[in-house]
Amino acid sequence: MTAIPSTIQQYVSTARLHNFWPNFKPVAYAIYNELEVTLFNHPRCNGDNYITITKTDQFNACTLILFDQYPTAIVDEQLFSTFEDMYAVLIHELFHGYQYSYGETRFPDELIGLDYLLCENNISLRIEEQKALYKALQFDQLAALYDFIALRKVRITLFPQETIYEAAIETIEGPAYYIENKAFQDIAADKYEQYIEKSLYILTDAFESHLHIRKSCYSTGLAMCLLLDRYATDWHQQFIQSEYSLFDFFESFFPNVQSNISLPSYNQLSKMIIQKVSDLKQSDFEQFDQSIGYKLVITGTLTAVAFDPMNITIHNSEAIHFNFIKILNGITPYTISQPIKTTFADNFKQITRLELYTTEKPIIVQNQVIIASLQLPFIDLKIDNNIFYLTI
């Protein structure tokens, strides 16, 4: 960490960010590891270039948080093997801070995404739609661009809930992913072709695109932004000032779409994708249930207040949170930064049962169970071999 702060500050400057997006200004930001946080451009710095503080549970994943009620972009340095990769993701998260600063409101309802309908018709249309978008971008085919728009409009009619969710992710994450790629190109131009191809590949991989719906929408949003660079002038501020989704804004530049698309029929690939997605979800749960260590089974009335939507698997009324989850027990918040399985009824956020494994034996102190830095009060406790059943 000692060599990073001066290098980071060199690249995170208002002048540099303006090259990526007009008027893009940095909010506070932080780089952290399992022990400490290096904080920049935050009121806590009190005039210093940066300060180092002890890591708290608030620092999880790479995201935007409100730290001391101040928007702060955070990245976990342990997730990256190169400075260029970490820097690009930091700029991505700083762009979310910029969105916060200008009052962006077009955010997705993540609960819709968790209940996304994977059916043969939607998949078949979406595969062709993404192929057309990729062709339009990579091979400069205007006819393919028109096909993309026409196919999306068909899906908007047939699958309004799903396409509203996709459009919202594209609107928020597409420009941020676009900025991420620009930032990477700025400091590693010789590696940019590989980076942009990695960012777009999911548009050509039907299975990955439907296993990771949310992630694939980053790439469709990125592709639309790159096409806007090609066909529109100074679109960035127009987009910020509009109330349109990115797709609706994009479509407005092509008012006379002419497409001779033939709608795809259900095919074997769609059926295989549905089955494979189901199989992989089932495998995630089986692997979780085979985890080694002491198992905690917690029942009660809990509320999920924060989670990582990119790292969740849902099957029926259960979910596995691979990264972290923040829950409320009454008014008391708890952050658990490890794989967790939750059970819920009608509302994904209303948890009735929570399961986790730990390699360290839980410590019982009066009416509390202690695991790592987490202390959970309980009403009732039963222990059966290495399984701790808590009612809280």
For the chain, what does the helix formula give at 222 nm: sum of -39500 (n - 2.57) over DSSP H segments with n ≥ 4, over the residue count, nearest 500 deg cm²/dmol? -14000 deg cm²/dmol
Using a 1.4 angstrom probe on the protein heavy atoms only, could you order TYR192, TYR70 from most to least accessible area? TYR70, TYR192
Share of carbon and sulfur in the accessible heavy-atom surface of the chain [1.4 Å probe, %]: 48 percent
Below 8 Å between Cα atoms, with a sequence gap of 6+, how large is the relative contact order for the chain in percent? 12 percent
SASA check, ASP57, accessible area w/ 1.4 Å probe, all protein chains in place, rounded to nearest 10 Å², comes out at 80 Å²
Where in the chain are the DSSP H helices whose alpha-carbon span along the long axis reaches 24 Å or more and whose Kyte-Doolittle mean is at least 0.5? 142-158
Heavy-atom accessible area per residue of segment 210-274, all protein chains kept, 1.4 Å probe, expressed in Å², is 53 Å²
Output row, site LYS25, 7 Å Cα→C-beta label point, backbone N cut-off 17 Å, window segment 84-117, residues 94-104
Show me the three semi-axes of the equivalent ellipsoid for segment 132-256, from the C-alpha gyration tensor (sqrt of 5 times each eigenvalue), largest first, rounded to whole Å. 21, 18, 15
With a/c under 1.5 counting as rounded, go ahead and sort the chain into rounded, prolate or oblate using the C-alpha gyration tensor (a ≥ b ≥ c being the square roots of the eigenvalues; past the cut-off, prolate if a/b is larger than b/c, else oblate). oblate
I want the local charge near PRO26. Using Cβ-Cβ distances under 12 Å, sum +1 for each Lys or Arg and -1 for each Asp or Glu among the other residues. +1
1/(1 + (r/R0)^6) with r = Cβ-Cβ of GLN141 and ARG16, R0 = 35 Å, i.e. FRET efficiency to nearest 0.05, evaluates to 0.55
Among GLY113, LEU211, ALA61, which residue has its Cα positioned farthest towards the positive end of the charge dipole of the chain, with +1 placed on the Cβ of Lys and Arg, -1 on the Cβ of Asp and Glu, and the dipole taken about the Cα centre? GLY113
Any chance you could list P(r) for segment 119-166, counting all Cα-Cα pairs in 10 angstrom bins from zero, rounded to whole %? 29, 52, 19, 0
To the nearest 10 square angstrom, how much accessible area does LEU269 have with a 1.4 angstrom probe? 80 Å²
So which of LYS198/LYS281; LYS153/LYS215; LYS182/LYS349; LYS153/LYS349; LYS153/LYS341 end up more than 29 Å apart by C-alpha? LYS182/LYS349; LYS153/LYS349; LYS153/LYS341
I'd like the accessible area for THR105: 1.4 Å probe, protein heavy atoms, all chains in place, Å² to the nearest 10. 110 Å²
Value of D in µm² per second that Stokes-Einstein yields for segment 26-145, Kirkwood Rh from Cα pairs, at 10 °C (1.306 mPa s): 92 µm²/s
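The values are calculated or read from the model by the stated rules, or taken from the named source; none is laboratory data. This structure is a prediction, so every number in the text was calculated from the model and none was measured. Note: ideal-geometry Cβ built from the backbone for every residue, glycine included; neighbour counts use all protein chains shown. Please note that ligands, DNA and RNA were not included when accessible areas were found on the heavy atoms of the full protein model with its side chains. Shrake-Rupley method; radii C 1.70, N 1.55, O 1.52, S 1.80 Å.
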